[in-house]
Structures are given as C-alpha cells and as structure tokens.
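First the structure, in the form of structure tokens, and then the observations on it.
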C-alpha cells in the first residue's frame with residue numbers, strides 16, 4: 001500500500017520571511033511547483049469575524065503566502081461563515097483576508113451559488129449543497145488547528161465543511177445533533193467532497209486548546225502541516241498535540257469504515273507539544289468501543305449542551321440570534337432550552353466569548 005505523504009515545516013512565527021520559508025518547503029516537498037491545477041480556490045478557516053491575533057481563523061500571513069507562491073494560473077479566495085446576516089466583507093476585513101487579497105491581486109469570492117452532492121449517512125441518502133466553485137476549481141484547503149466542542153479537534157477535514165454555503169451548515173447541525181451523528185456525517189461528507197480537493201494545509205503555528213473552536217486558549221505549536229489527504233494530515237496534527245486518532249470521533253469512524261492511511265512524515269522533525277488541553281478525548285475513546293457502540297443513539301438522546309449568555313460580557317451584537325438555525329434565542333437574548341438543538345453555532349459565532357455552555361452529564365463525558 002502506498003503511503004500518504006504529510007509534510008511538516010517548522011514555523012515559529014507569522015513573520016513574512018518565516019512563513020515564506022515554511023510554505024516554500026511544503027510546496028517543494030509536495031511537488032506543487034511542478035504539478036498543480038489550472039484553477040484553485042483557496043479556502044481558509046473563516047469561522048468568525050475575528051482578528052488574526054485571536055487565533056480563531058487561519059492566519060492571513062499563511063493564506064497570503066500560499067496564494068502568492070502557488071503557481072496555478074487562476075486563483076480565488078473564499079469561505080462561507082454560518083452567519084449570513086452579517087456582511088461577509090466584515091469577515092474579510094477583520095480576518096485580514098482583504099489585505100491578503102490586495103497584496104496578491106487575487107479576488108475574494110462569495111459562495112452565492114451551490115450544487116448538490118449526494119452522500120450516504122448511516123445508510124440513508126441525503127443531498128448537501130456545496131459551493132458551485134467546485135465545478136471548475138480545485139480546493140486548496142487551509143485549516144486552523146484547534147480543539148472543537150463537538151469533534152474534539154478541527155484541522156483539515158473539518159475545515160472542508162465550510163464549502164457548504166452559509167446557513168445550510170447550521171441546518172445540517174439540526175439534523176445531526178450529537179457528536180456521534182455529526183462525526184458520522186463528516187466522514188460521509190469527506191468521502192464525497194475529497195475528489196474536489198487539491199491540497200490540505202493546516203496553520204498550526206499558534207493553535208487553540210481547551211474551549212475551542214472560538215473561546216479557547218492559544219498555544220505556540222510552531223508548524224505548518226500539509227498533504228493531499230486530509231485524514232493523514234489530521235493524524236499528524238493529532239500527534240502534534242498528543243491526541244490519538246481513536247480519540248477523535250470522525251477519525252475513529254473513518255478507521256472503522258475504511259482504515260486509516262499509512263502515513264509517511266517528511267520535512268522537519270515534529271516535536272509534540274506537552275500538556276495540550278483537549279476536552280473529551282478520554283471519554284470519546286471509551287464510548288467508541290464495540291461495547292458501547294450499539295448504545296450511542298440512546299446516549300445521544302441525553303446529550304445536551306445548552307448555551308448560556310454571560311450578561312457581564314455580552315455586548316448585544318445579536319450574532320448568536322442571527323446564526324441560530326431553529327430560532328431558539330429571543331429578542332431579549334434568552335435561550336429556549338426546549339427548542340435548542342445543541343449545535344453550538346451561537347457559541348462559535350459570538351465575537352466576545354460571552355456564551356458559556358452548560359452541559360448534561362452525557363455531554364460532559366463526551367466533550
């Protein structure tokens with residue numbers, strides 16, 4: 001079996017020359033300078049309208065350098081946050097992508113049109129909209145290494161979820177509510193979307209631990225990690241932060257269905273960081289065993305993670321209310337716990353970290 005090559009490049013800061021050396025190293029070892037598509041869509045992690053120093057989104061230095069050094073003739077930059085009521089231009093400005101676009105001369109694009117792809121989740125066929133740019137453009141996927149309250153981590157594979165335009169992402173959360181169901185969906189989604197992906201790279205220069213993907217603490221992890229297979233890239237990201245692939249639900253599901261790839265790490269020596277805080281990995285390992293697997297849907301009934309607003313921090317921007325797919329947040333910012341589906345889109349969208357999560361016993365075990 002051919003090994004999946006994953007390239008690791010040491011990158012200790014976002015200084016221009018440091019990032020350029022790391023990206024060049026990845027491009028050289030991956031052969032991107034000689035083998036590349038004609039048209040490429042660069043897709044960063046643009047989760048929220050947050051500034052680069054907050055570590056919530058792909059750093060603009062990594063995006064700008066990748067766009068500038070990639071030799072393909074036609075390039076665009078795009079992503080689609082869940083909150084469609086907030087102007088996307090605000091995201092571009094805050095995340096630093098407008099400046100990256102101006103430096104490179106490569107346009108930022110909106111995911112205003114979509115096509116439907118078919119996938120099977122637990123034996124059921126569903127159709128999912130993805131940006132119609134995949135018809136003509138290959139995806140250069142640039143994720144951000146962070147912990148995640150539903151999937152344990154987010155890096156390369158989870159970042160491809162952003163190819164689904166805007167509010168549809170929140171709607172899908174309402175269909176796949178628990179971490180188990182959502183991870184099952186992610187695996188099916190990735191197997192359907194991977195043919196559109198040219199390359200995956202993860203910004204792990206500064207990563208987020210703890211209460212990710214938007215309210216955790218930042219840690220210097222000092223690498224860029226890249227490869228053509230998102231699963232292999234995520235496996236190396238796991239090694240960097242001391243997580244076993246079996247502890248990540250979507251990687252465990254992928255392993256059970258298809259087997260994990262045999263990974264060949266090339267480039268710089270990867271030195272794992274110590275004591276990286278990742279919530280839910282031990283319980284995820286326990287509940288993904290064969291003994292507990294038949295009971296996962298039973299446990300899902302008792303999974304709840306109810307958002308609670310801290311009034312001392314809240315600035316009443318209403319980003320949470322705008323992004324909620326089931327209208328569970330009132331005009332006076334009160335949560336309807338019966339209507340809430342625990343998707344935590346509000347938690348991810350809040351720009352001020354004003355939303356905390358009150359978890360049930362089962363939710364505390366899994367996340």
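Throughout, read-outs are computed from the coordinates displayed, never taken from laboratory work. Not measured: the values here are computed from a predicted model. Cβ coordinates were reconstructed from backbone atoms using ideal geometry, including for glycine residues, and neighbour counts include every protein chain displayed.
Data overview
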{"item": "Pair residue 118, residue 24: separation of 7 Å Cα→Cβ label points (nm)", "result": "4.8"}
{"item": "Centroid-to-centroid separation of the range 18-51 and the range 57-123 [C-alpha atoms, Å]", "result": "12"}
{"item": "Cα-derived Rg to Rh of the range 52-128, Kirkwood definition", "result": "1.07"}
{"item": "Convex hull volume per residue for the range 102-241, taking Cα atoms only, in Å³", "result": "128"}
{"item": "Counting DSSP beta bridges with both ends in the chain, the antiparallel % (nearest 5)", "result": "55"}
{"item": "26 Å tail of the calculated P(r), the range 15-151, as % of Cα pairs", "result": "28"}
{"item": "Footprinting exposure proxy for 132, 184, 79 (fewest neighbouring C-beta atoms within 10 Å first)", "result": "132, 184, 79"}
{"item": "Separation in nanometres of the label points that stand 7 Å from Cα toward Cβ, at residue 191 and residue 110", "result": "3.6"}
{"item": "Full-extension gain in nm, residue 262 to residue 99, via 0.36 nm per residue minus C-alpha separation", "result": "54.8 nm"}
{"item": "The chain - mean residue ellipticity at 222 nm from DSSP helices (-39,500 (n - 2.57) per run, n ≥ 4, rounded to 500)", "result": "-8500 deg cm²/dmol"}
{"item": "Neighbour-count order for 113, 353, fewest beta carbons within 10 angstrom listed first", "result": "113, 353"}
{"item": "Where Rh is the Kirkwood radius over Cα pairs, Rg/Rh for the chain", "result": "0.94"}
{"item": "Which of 219, 339, 194 has the fewest Cβ neighbours within 10 Å, and the rest in rising order", "result": "339, 194, 219"}
